[in-house]
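Structure record follows, encoded as structure tokens.
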Amino acid sequence: MHENIANIENSKRAKKKEHANQSRENRNMAMMMPPRLNPTDSASGPKQHQTWSPYDNNGGTCVAIAGADYCVIAADTRMSTGFSILTRDHSKIFVISETCALASSGFQADISALQKNLDARHQTYQHQHGKQMSCPAMAQLLSNTLYYKRFFPYYAFNVLGGLDDQGKGCVYSYDAVGSYERVGYAAQGSGMQLIMPVLDNQLKSASPLVLPKRETATPLTEAEAVDLVKDTFASAAERDIYTGDGVEIVTINARGIQKQYMELKKD
Amino acid sequence: MTGKQPYVGQALDSPHAFTLAPGPTKHTQYPYVTGTSVLGIKYKDGVLIAADTAGSYGSTVRYKSVERLKTCGKHCLIGASGEISDFQQILSYVDKLILNDYMWDDGNNLSPRDIHNYLTRIMYNKRNSFDPLWNTLVIGGVKNGEKYLGVVTMIGVHYEDNHVASGFGNHLARPIFRDEWHENMTLEEGIQLLEKALTVLFYRDRSAINKVQVANITAEGINISEPYALKTNWDYKAFKNPTAGAVGSW
């Protein structure tokens with residue numbers, strides 16, 4: 001009988017131990033999971049209700065096309081939030097220098113901060129070097145600036161366009177954290193998926209892997225490129241609710257910078 | 001572990017405050033006493049900005065005499081929706097800014113555009129620290145003949161336009177403005193348009209009350225009206241049996 005009691009006691013103790021071990025395991029598992037960076041968490045426990053988001057998407061589309069001796073950079077002028085239009089007349093294009101313009105879509109507060117940041121850096125460069133930054137140099141600077149905030153990104157989708165050191169048109173396309181590539185043409189933003197296939201159809205040249213190397217710049221003239229841009233925006237405005245109201249077109253060439261504006265559908 | 005250890009009472013402005021500070025969260029999570037829409041339009045002689053005088057505590061209309069329109073220097077007026085205490089904090093910042101500007105005594109004053117930019121940087125900065133001022137601000141003014149009207153939201157989104165609104169006003173008032181606003185409206189036309197929008201908001205926004213103020217900013221100066229009541233009509237046929245004819249209702 002003593003044996004039986006001993007057995008019962010042992011099994012009880014074993015169960016207790018097992019239970020304790022399991023709890024410890026669970027706690028260990030919980031600690032091993034990465035802490036979620038939630039604005040409401042800290043030490044006050046799980047979040048009780050909907051919190052605010054530091055990001056918003058204010059919509060819009062940006063396009064750029066590089067030519068043999070020009071570059072066309074364009075962006076629509078609509079600024080939205082959710083299903084509302086905030087304003088029909090907001091410029092997304094920032095002319096950084098005589099040879100370089102930046103078009104950005106996404107979260108407008110971040111775009112503003114990013115453009116101011118680049119402007120400040122460019123002004124410093126001009127003071128220190130006595131000349132403006134080249135477009136390829138600005139391209140690298142933009143990439144670095146974006147990656148600097150890799151762990152709290154600028155929610156900005158950028159297209160940088162201008163003239164390279166040889167005076168040829170160049171376009172650089174970015175993601176939100178600074179990954180970039182020089183291309184012959186690019187589209188970013190809410191209408192990107194509507195516009196890019198059209199540009200591919202009209203402008204795509206042979207793969208860069210094909211030898212002999214083919215020119216990436218489009219064979220179109222400046223006027224033809226501007227017309228193409230107008231057409232693509234008019235098309236995107238039909239189906240993308242965040243694109244519309246108007247399109248601002250900036251052309252950079254040896255003569256300098258010219259700006260145009262075309263109305264788009266307001267609906 | 002090298003480096004600074006977090007301690008209770010660590011500067012709340014520190015960029016890591018929300019991740020390292022032990023104890024309860026010490027930054028904004030949700031608003032308590034809030035103001036609803038602010039409306040603004042440009043007209044021939046300047047800018048008109050309007051708002052009601054309600055301060056809601058969740059679903060209760062707790063305070064009915066909250067002044068949500070405040071002057072800012074000689075040329076500018078700020079209207080706020082959202083958390084009232086945060087607006088009071090913003091007014092404190094603006095007060096210091098204007099005082100500093102005045103102390104320069106150099107014949108130059110900050111323009112409405114400058115103040116808008118300053119407020120945008122504050123709102124964006126606070127958003128970056130995950131501790132926002134829970135407001136949408138409407139800034140309007142006239143300086144050197146130039147009429148200015150702009151908005152900043154709690155996360156730093158900012159823009160200017162001929163007519164603006166915050167909160168519910170974006171959904172109910174802006175469409176009316178888009179339909180009826182035009183360049184060079186007279187003062188009477190402008191007030192009529194704002195009152196129309198304010199009335200619609202009173203009918204349809206549960207946080208709105210029938211006690212409003214309208215501010216008029218011109219080159220001559222700023223005038224904020226005393227609070228007054230809007231005329232309302234509850235006899236519309238559509239208000240009786242509103243679901244008559246609607247499919248699936250009774």
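The values are calculated or read from the model by the stated rules, or taken from the named source; none is laboratory data. All figures in this text were calculated on a predicted structure; none of them were measured in a lab. Cβ sites come from the backbone with ideal geometry, for glycine too, and all protein chains shown count toward neighbours. Ligands, DNA and RNA are excluded from the accessible area calculation, which covers all protein heavy atoms including side chains. Shrake-Rupley method; radii C 1.70, N 1.55, O 1.52, S 1.80 Å.
Taken as Cα centroids, the stretch B:70-140 and the stretch A:152-205 sit 37 Å apart, rounded to the nearest whole angstrom.
Per residue, chain B exposes an accessible area of 53 Å² to a 1.4 Å probe, with every protein chain left in place.
Against the main long axis of the alpha-carbon atoms of chain B, helix B:84-104 sits at an angle near 70°. The B and A chains share an interface that buries close to 2500 Å² of accessible area, total over both sides, probe 1.4 Å.
Averaged over peptide A:225-231, the number of partner chain Cβ atoms lying within 10 Å of each residue's Cβ comes to 0.
Interface residues of the stretch A:79-94, defined as those losing at least 30 Å² of solvent-accessible heavy-atom surface relative to the isolated chain (probe radius 1.4 Å), are listed as A:84, A:85, A:86, A:87, A:88.
With an a/c value under 1.5 for the gyration tensor axes a ≥ b ≥ c computed over the alpha-carbon atoms, the stretch A:61-263 is described as rounded.
The figure for residue A:248 is an accessible area of roughly 30 square angstrom, using a 1.4 Å probe on the protein chains alone. The count of lysine pairs in the stretch A:61-263 whose Cα atoms are under 26 Å apart, excluding pairs fewer than 8 places apart on the same chain, comes to 20.
If you take the alpha carbon atoms of chain B and fit the smallest convex hull around them, that volume is 178 Å³ per residue. Among B:83, A:181, B:220, the sequence by solvent-accessible area, most first, with a 1.4 Å probe is B:220, A:181, B:83.
Residues in the stretch A:186-191 carry Karplus couplings, in order, of 7, 9, 9, x, 5, x Hz; the curve used is 6.51 cos²θ - 1.76 cosθ + 1.60 with θ = phi - 60°, and Gly or Pro positions show x.
The helix-based estimate of mean residue ellipticity at 222 nm for chain B, built from -39,500 (n - 2.57) per DSSP H run of four or more residues and divided by its residue count, is -9500 deg cm²/dmol to the nearest 500. Relative to the dominant Cα principal axis of chain B, helix B:112-128 is inclined by about 60°.
Fully extending the segment from residue B:249 to residue B:182 would add 20.1 nm, taking 0.36 nm per residue of separation and subtracting the current Cα-Cα distance. Using only the Cα atoms of the stretch B:120-250, build the gyration tensor, take square roots of its eigenvalues as a ≥ b ≥ c, and label the shape rounded, prolate or oblate: rounded if a/c is under 1.5, else prolate if a/b is larger than b/c, else oblate. Oblate, because a/c is 1.5 or more while a/b does not exceed b/c.
For the stretch A:61-263, the solvent-accessible area of protein heavy atoms averages 46 Å² per residue (probe radius 1.4 Å; ligands and nucleic acids excluded). Available extension along the chain between residue A:131 and residue A:204 is 22.8 nm, counting 0.36 nm per residue and deducting the alpha carbon span. In the stretch B:89-129, burial by the other protein chains removes 30 Å² or more of 1.4 Å probe accessible surface, compared with the chain on its own, from B:121, B:124, B:127. Nonpolar atom fraction for chain B, defined as the carbon and sulfur part of the 1.4 Å probe accessible area, stands at 53 percent.
GNM remark for chain B: springs join alpha carbons under 10 Å apart, and the peak mean-square fluctuation among B:194, B:91, B:99 falls on B:99. Partner shielding of B:161-172 amounts to 2, given as the average count of beta-carbon atoms from other chains within 10 Å of each residue beta-carbon. Among B:202-212, B:34-44, the peptide with the highest mean count of other Cβ atoms within 10 Å heads the list, and the full ranking is B:34-44, B:202-212. Residue ranking by accessible heavy-atom surface, 1.4 Å probe, largest first, among B:147, A:265, A:259, B:231 comes out as B:231, A:259, A:265, B:147. When the residues B:64, B:143 are ordered by accessible surface, computed with a 1.4 Å probe over the protein chains alone, the sequence from largest down reads B:64, B:143. Distance from the Cα centroid of the stretch A:125-142 to that of the stretch B:152-201 is 42 Å (rounded to whole angstrom).
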